[in-house]
Amino acid sequence: MSLVINHNMMAMNAARNLSNSYSALAVSTQRLSSGLRINTAADDAAGLAIRELMRSDIASINQGIRNANDAISMIQTADGALQVIDEKLIRMKELAEQASTGTYTSDQRMIIDSEYQQMASEITRIANATDFNGIHLLNGNLSASSTHVSSWGTSHDGSGLNSTGPLKVHFGTGNDSMEDYYYIAIQSATASALGVGNAADTSKANGEHGVSGAGHSISTQQGAQQALAAINAAITSKDNIRANLGALQNRLENTITNLQIQAENLQAAESRISDVDVALEMSNFVRNQILTQSAVAMLSQANSIPNMALQLIGG
């Protein structure tokens with residue numbers, strides 16, 4: 001190689017190697033400081049795409065877990081109110097049993113019926129007042145037109161600002177009815193729906209809960225005796241609502257367990273793709289640091305080589 005002044009090829013070569021080593025050192029520094037192997041799309045474009053999809057699924061699943069927990073809280077609210085209604089129905093049956101015997105006068109039965117009607121009114125008040133986050137639970141707003149769980153979706157309408165029909169609990173990352181959501185239907189638990197009190201329908205030949213209008217009043221001995229069967233039917237109807245809610249709560253708890261496992265496994269997969277191997281990257285950092293320092297030293301030496309030409313000129 002000739003000794004020249006205009007073009008110092010050794011310095012250019014050293015400068016290029018310094019640039020490469022310094023860039024690699026910067027990448028290692030970024031990865032070690034962020035803890036991520038993929039910081040930009042240039043690091044791993046395909047890995048970045050997979051990671052972001054996984055992150056979106058993890059975020060959705062975690063929100064789905066919160067959705068399911070909220071649904072459990074709602075179910076527990078409804079079940080608590082139904083427990084109070086259960087106490088009122090038991091008291092009403094006790095009053096009907098009292099009024100059905102012949103040792104009371106008509107005036108005394110009217111007094112007993114007064115408390116009976118107050119219990120019925122309280123059942124309706126509880127059913128209309130029980131709500132969760134502004135959603136009324138026991139007044140029939142969440143009831144389904146069909147008793148079959150598979151048909152509840154046909155009763156749900158979420159196209160408006162306020163959804164109607166069975167409540168849709170969404171917990172999955174997509175919108176598949178087999179995987180990502182199901183419905184909670186709660187039938188009405190008012191005194192009218194249960195067939196007790198003054199609100200009981202007396203016009204039907206055969207009532208929904210047994211003898212039509214039998215639970216209307218216990219002001220007569222015959223009415224009190226018929227009310228016993230009507231109250232039994234009301235208790236059964238109420239218990240059916242509670243049993244359905246309990247089954248849905250158990251299902252939601254199992255769903256949460258599955259979602260937690262799914263989120264954990266997705267997080268582990270995302271970590272393997274995205275997170276930096278600190279031991280490996282530290283080795284690269286030390287290597288690039290040494291190469292950078294070496295390139296700086298060699299560049300300094302290469303820049304001083306053209307000065308040797310001065311010796312020839314001066315000689």
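Computed from the coordinates by the stated procedures, all read-outs in this text should not be read as laboratory data. Bear in mind the structure is a predicted one, so any value in this text is a computation, not a measurement. Here the Cβ is made from the backbone with ideal geometry for all residues, glycine too, and neighbour counts use every protein chain on show.
Once Rh for the chain is found with the Kirkwood sum over Cα pairs, what is the Stokes-Einstein diffusion coefficient at 4 °C and 1.567 mPa s, in µm²/s? Write out the running numbers ahead of the final one.
Numbers: Rh = 26.2 Å.
Estimated via Stokes-Einstein, D reaches 50 µm²/s.
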Along each of the three principal axes of the Cα atoms of the range 16-130, give the extent in whole Å, ordering the values from largest to smallest.
-> 112, 22, 17
Helix 106-129 versus the longest principal axis of the chain: what is the Cα-based angle in degrees, 0 to 90, to the nearest 10?
-> 10 degrees
Helix 9-34: inclination vs the chain longest Cα principal axis, degrees, rounded to 10, gives 20 degrees
Value at 222 nm in deg cm²/dmol, rounded to 500, when DSSP H runs of n ≥ 4 in the chain each add -39,500 (n - 2.57) | -22500 deg cm²/dmol
Ranked packing of 254-263, 76-85, most packed first, by mean Cβ within 10 Å | 76-85, 254-263
So, in Å, what gap is there between the alpha-carbon centers of the range 8-36 and the range 39-85?
-> 42 Å
Have a look at H148, N133, Q225 and report the one farthest towards the positive end of the charge dipole of the range 78-273, computed about the Cα centre with Cβ charges (Lys/Arg +1, Asp/Glu -1).
-> Q225
Rounded to the nearest Å, what's the spacing between the alpha carbon centres of the range 91-160 and the range 279-315? Just the number, please.
-> 90 Å
In degrees, nearest ten, helix 45-99 long axis to first principal axis of the chain (Cα) = 20 degrees
Share of antiparallel DSSP beta bridges in the chain, in percent to the nearest 5?
-> 90 percent
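Report the charge-dipole magnitude of the chain in Debye, nearest 20, computed about the Cα centre from +1 at each Lys and Arg Cβ and -1 at each Asp and Glu Cβ. Mind showing how you got there, number by number?
Working: 18 positive and 28 negative charges, 189 e Å.
For this selection, approximately 900 debye.
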